[in-house]
Each structure stands twice: as C-alpha cells, then as structure tokens.
Amino acid sequence: MKKQKAEDLTEESGLLAGEITSSKVEVLASIVLTLGYSLSTLATIMALQEEEELAQEKKTKNEDQNLYMRQMFKQLQSVNNRLETIERKLNRY
C-alpha cells in the first residue's frame, strides 16, 4: 500500500513539476489545431469580405460612370437643341 502511494505521489509531483506527458502534448496539439483552423476560417471570411467590397466598389464605380454618361448625354442634347434653334433662326433671315 505504501509503495502504491509512493508511485501516486511521484506521478502527481511529476505532473505538478511540469513534466511533458502525452496527454499534455495531445491537449496542446488540439489547441494548436483548433487555433489554426479558426485562423484559416477567419482568413477565408476576410478574403470573401474583401472580394465583396471590391465587387461593390466596381459596381458603384460603374453606376457612377453610367450616371455621368447620362448627365453628359442630357447636356449634349440640350446643346444640340440650342444649336438647332439657333440654326432655324438663322435660316429664317
């Protein structure tokens, strides 16, 4: 009985003293793998967000260009109408 208690004390003191055991390595490995998986997932999410932001920026830029082109078209129509009016007035005289 004393021998068994001595072995238990030796094992417990080894754990408390910071000895590396297979169970500790397994726990650490699980933590590292979980952390790695989490970081990988985070990187994927961030990449998808960046792609979405770029697509949104491109869409906004295209919409801005379309708006600019429509405004330019209206201005050109207005100028063209004025020129036609002036031309008609000149043709009267």
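When T41 is tested against (1) at pLDDT below 95; (2) open to solvent by less than 100 Å² (accessible area, probe 1.4 Å), just one condition goes unmet, and that condition is (1). Name every residue in the stretch 53-79 that is under 24 Å from the mean Cα position of the chain (by Cα), open to solvent by 90 Å² or more (accessible area, probe 1.4 Å) and among the aliphatic types (A, V, I, L, M), in order of residue number. Within the stretch 53-79, just L54 meets the criteria. Do the conditions hold for I31, that is, is it at pLDDT 90 or above, more than 21 Å from the chain's Cα centre (by Cα) and in a helix (DSSP H, G or I)? Answer is yes for this residue.
The values are calculated or read from the model by the stated rules, or taken from the named source; none is laboratory data. These numbers were taken from a predicted model, which means no experiment stands behind them. Please note that ligands, DNA and RNA were not included when accessible areas were found on the heavy atoms of the full protein model with its side chains. Shrake-Rupley method; radii C 1.70, N 1.55, O 1.52, S 1.80 Å.
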